[in-house]
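The values are calculated or read from the model by the stated rules, or taken from the named source; none is laboratory data. The model shown is predicted, which means the values in this text are computed figures rather than measured ones. Note that we place each Cβ from the backbone using ideal geometry, even for glycine, and neighbour counts take in every protein chain shown.
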Amino acid sequence: MTASPGPAVRTVDLHKTYTSPRGDVPAVRGIDLEVRPGEFFGLLGPNGAGKSTTIGMLTTLVVPTSGTAEVCGFDVARRPVEVKRRIGMVSQNNTLDADLTAFENLEFRGRYFGLGARDARRRAEELLELFGLTDRRKGVPFEMSGGQVKRLMIARALVHRPEVLFLDEPTAGLDPQNRANLWELLRGLQSRGQTILLTTHYMEEAEALCDRVAVVDHGTVLASDTVEGLKGSAGTDTVITVSFDGAVPEGVHALDRREGVSRIEVGDGQVRVFARSPAGVLGELVAAGAAAGVGVTDAAQLRPSLETVFLTLTGREYRD
Amino acid sequence: MTSPASPNATGPTPGGTTEEPAGSESAPSPAAPRNEAAGPGPAMPRATLTGTFLAMMAREVRVMRKNFLSTFVRVLVQPLMFVFVFAYVLPKVGSGAGAGGFASKDGGPTFATILVPGLVGSAIVMQGMMAAIFPLMMELSWQRSITDRALAPVPVPVLALQKITAAGLQALIAGLLVFPCVLFVHAGGQAPNIHVGNWPVLLLTLVTGSLMCASGGLLLGTLIDPQKSQVLFALVLVPMSMLGCVYYPWAALDHVRWLQIVTLINPMVYVNEGLRTALTPQMEHMPIWAFGSVLILGTAALSWAAARTFTRRVLT
Ligand SMILES: Nc1ncnc2c1ncn2[C@@H]1O[C@H](COP(=O)(O)OP(=O)(O)OP(=O)(O)O)[C@@H](O)[C@H]1O
Ligand SMILES: [Mg+2]
């Protein structure tokens with residue numbers, strides 16, 4: 001079944017510009033990705049980075065403006081049906097069939113993909129049980145909790161045993177317990193050879209699950225590597241952020257020349273220092289403030305992590 | 001959303017949960033005990049185009065069965081009330097004055113004879129359009145539940161044709177249900193003079209009429225912004241049914257020549273004239289070639305256009 005020898009997902013210089021009455025929106029501006037069979041790959045980026053658009057193109061629902069995208073060796077624009085046979089997709093919003101029950105959502109998905117009526121019912125039963133939804137079998141989508149909806153959507157994406165599973169922010173809006181359970185489930189899937197491409201806002205999610213990660217922003221890939229590789233390259237800096245109750249004191253600029261500091265960013269009442277050796281930096285910032293007569297209202301020090309990688313690459317706070 | 005959430009947090013939880021009873025000795029991967037259920041597994045049968053199309057039709061039938069009463073009660077009430085008032089009450093309250101026009105006079109056709117094909121036709125047209133438009137508006141709203149079927153292994157235009165077929169089926173059912181209702185409600189002496197004079201024309205009109213209106217509905221539904229659906233009703237559906245030659249045969253418009261010509265843009269006219277030709281052949285009606293070619297070519301053209309606009313709405 002996972003016979004495709006090449007990459008499971010491959011994009012080359014993929015672009016998407018939405019045309020809308022209020023002007024063109026360049027959502028994806030040249031993305032190159034390669035996901036190997038069996039890999040757990042993460043697309044990490046802030047709101048509006050182009051993650052959903054990329055997933056949309058890979059699942060044939062968004063038409064690329066230029067460039068190519070292939071899934072299991074099939075071009076998404078030219079062979080969409082072959083692509084759809086091989087993928088499962090869990091979208092960001094609730095796309096369950098609102099006219100059907102939980103059970104029927106799974107049953108009919110099976111039938112659309114070629115299962116006979118009886119096999120489709122058996123498969124639906126099996127997946128309801130696996131996802132702990134057996135007692136919700138007659139539930140209709142709008143009466144289900146966020147966690148149940150997500151589980152049912154994942155179950156639905158697995159009905160036809162896809163080669164590649166796409167998940168667009170699967171844990172957004174889930175409580176910690178549901179999230180932990182979902183992580184376990186996804187790890188279990190991968191351990192049995194499922195290729196997974198997931199998008200997320202959460203650093204710790206990418207760190208916990210993904211073999212490789214691509215950090216995207218403004219429709220381009222800023223960096224792509226294993227989690228360890230990323231931390232070892234861009235993200236070795238500790239990021240120290242200090243907020244003042246007045247204008248940022250002039251004295252902080254001296255830090256730019258300090259040993260072990262890569263760069264500093266001065267914003268509105270806030271300064272951010274990227275440092276390979278952070279010892280003493282915080283003290284100097286407070287001292288600079290005291291010398292200029294401004295107090296410190298907030299201070300934070302982030303050790304090297306995907307979060308600091310993201311800050312280093314985008315200069316932006318990572319927000320949900 | 002809130003109340004069902006709480007049992008969920010405490011009670012059985014996703015994937016992981018179900019595993020616990022099976023493999024209580026904390027297996028590293030939660031789904032491991034059930035190797036078969038998820039993940040790549042035995043090859044699936046290969047879905048065929050017709051197989052998927054039929055599966056989608058089976059879904060429509062399932063949904064239709066669930067909503068059968070509410071849908072078709074709504075379809076039936078208006079025509080029933082109409083024949084009740086115009087073929088029963090008015091002829092009873094007096095053959096004089098204004099109501100006189102509705103009673104059968106000196107051997108002429110009863111009003112019911114004119115109404116039966118007209119009401120069947122308008123039920124077909126209205127149900128065909130609404131059955132296409134309403135689900136579509138839900139499915140294309142911001143949650144885009146259309147994704148559910150757009151990911152099925154068929155080209156998106158085939159999904160459009162499937163939606164036309166499904167709405168057409170509902171239109172046909174609506175027509176077949178309305179027919180006996182309006183046939184038997186009338187005052188004594190006001191019976192409609194109905195007999196199937198031409199089976200092929202009847203079948204052609206029922207089938208192409210249903211499909212033409214379903215495809216017209218899908219076309220409108222993909223072109224019109226959901227927020228403006230009220231306007232659609234006021235400006236399209238109401239004039240269409242009032243001026244669709246429901247309450248008079250098209251030939252009777254001889255006296256208002258301009259209207260007779262203008263109403264030719266109304267697809268309902270052709271459905272009703274087709275039904276008149278088949279059911280009340282003794283009455284003057286449009287020539288078969290005229291409504292026949294409009295029904296056939298109209299179905300083809302509207303389906304083609306609707307498949308295009310639908311595809312453009314589903315794929316962004
Ligand atoms: N259908 C559309 N028409 C016009 N613009 C769009 C459309 N969909 C997305 N966009 C724009 O394209 C950009 C990328 O959106 P996209 O949904 O791909 O981002 P994202 O990374 O998934 O963000 P989020 O984390 O918020 O889900 C955004 O600026 C968005 O406003
Ligand atoms: Mg998104």
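Return a yes/no flag: does segment B:297-306 have any residue that is at pLDDT 95 or above, under 30 Å from A:Val28 (Cβ atoms) and in a helix (DSSP H, G or I). There is at least one residue in segment B:297-306 that is at pLDDT 95 or above, under 30 Å from A:Val28 (Cβ atoms) and in a helix (DSSP H, G or I).
Go through A:Thr95, A:Thr11 for me and flag whichever is out of contact with any His (no Cβ under 6 Å at 6 or more places or on another chain), crowded, with 23+ Cβ neighbours inside 10 Å and part of a strand (DSSP E or B). Give the derivation first.
Values: A:Thr95 fails: part of a strand (DSSP E or B).
Every option except A:Thr11 fails the conditions.
Scanning segment A:1-58 for residues that are over 13 Å from A:Ser224 (Cβ atoms), among the hydrophobic types (A, V, I, L, M, F, W, C) and more than 8 Å from ligand 1 (Cβ to nearest atom) yields a count of 8. Being polar (S, T, N, Q), modelled with pLDDT under 85, part of a loop (DSSP other than H, G, I, E, B) and within 30 Å of A:Val216 (Cα to Cα) holds for only one residue in A:Ser262, A:Ser277, and it is A:Ser277.
Residues that are more than 22 Å from B:Phe82 (Cβ to Cβ) and touching a Phe, Trp or Tyr at 6+ places or on another chain (Cβ under 6 Å) were ranked within segment B:242-298; the one that is surrounded by the most Cβ atoms within 10 Å (Cβ to Cβ) is B:Phe291.
Taking (1) assigned to a strand (DSSP E or B); (2) surrounded by fewer than 19 Cβ atoms within 10 Å (Cβ to Cβ); (3) of a type in the set (Gly, Ala, Ser); (4) within 16 Å of ligand 2 (Cβ to nearest atom) in turn, A:Gly48 satisfies each apart from (1). Number of residues in segment A:216-248 that are within 14 Å of ligand 1 (Cβ to nearest atom) and closer than 21 Å to A:Arg187 by Cα: the value is 0.
Which one is surrounded by the most Cβ atoms within 10 Å (Cβ to Cβ), of the residues in segment A:27-45 that are within 14 Å of chain B (Cβ to nearest Cβ) and within 16 Å of ligand 2 (Cβ to nearest atom)? Among them, the one singled out is A:Val28. Restricting attention to segment A:51-74, the residues that are within 12 Å of ligand 2 (Cβ to nearest atom) and in contact with a strand residue (DSSP E or B) (Cβ under 7 Å, 6 or more places away or on another chain) add up to 6.
Within segment A:72-92, residues that are over 10 Å from A:Thr60 (Cα atoms) and within 16 Å of ligand 1 (Cβ to nearest atom) sit with their Cβ atoms under 9 Å from residues that are polar (S, T, N, Q) and assigned to a loop (DSSP other than H, G, I, E, B), at 6+ positions apart or across chains, in these pairs: A:Met89/A:Thr59; A:Met89/A:Thr95; A:Ser91/A:Thr59. Residues that are buried (at least 24 other Cβ atoms within 10 Å of the Cβ) and in a helix (DSSP H, G or I) were ranked within segment A:155-173; the one that is nearest to ligand 2 (Cβ to nearest atom) is A:Arg156.
Residue selection: B:Ala252 fails the criterion of being within 27 Å of B:Leu69 (Cα to Cα) and assigned to a helix (DSSP H, G or I).
A quick yes/no check of all residues on (1) more than 16 Å from ligand 2 (Cβ to nearest atom); (2) more than 10 Å from chain B (Cβ to nearest Cβ); (3) among the aromatic types (Phe, Trp, Tyr); (4) out of contact with any Ser or Thr (no Cβ under 9 Å at 6 or more places or on another chain):
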{"site": "A:Asp175", "(1), (2), (3), (4)": "yes, no, no, yes"}
{"site": "A:Arg179", "(1), (2), (3), (4)": "yes, no, no, no"}
{"site": "A:Leu185", "(1), (2), (3), (4)": "yes, no, no, no"}
{"site": "A:Thr195", "(1), (2), (3), (4)": "yes, no, no, no"}
{"site": "A:Met203", "(1), (2), (3), (4)": "yes, yes, no, no"}
{"site": "A:Ala206", "(1), (2), (3), (4)": "no, yes, no, no"}
{"site": "A:Cys210", "(1), (2), (3), (4)": "yes, yes, no, no"}
{"site": "A:Ala214", "(1), (2), (3), (4)": "no, yes, no, no"}
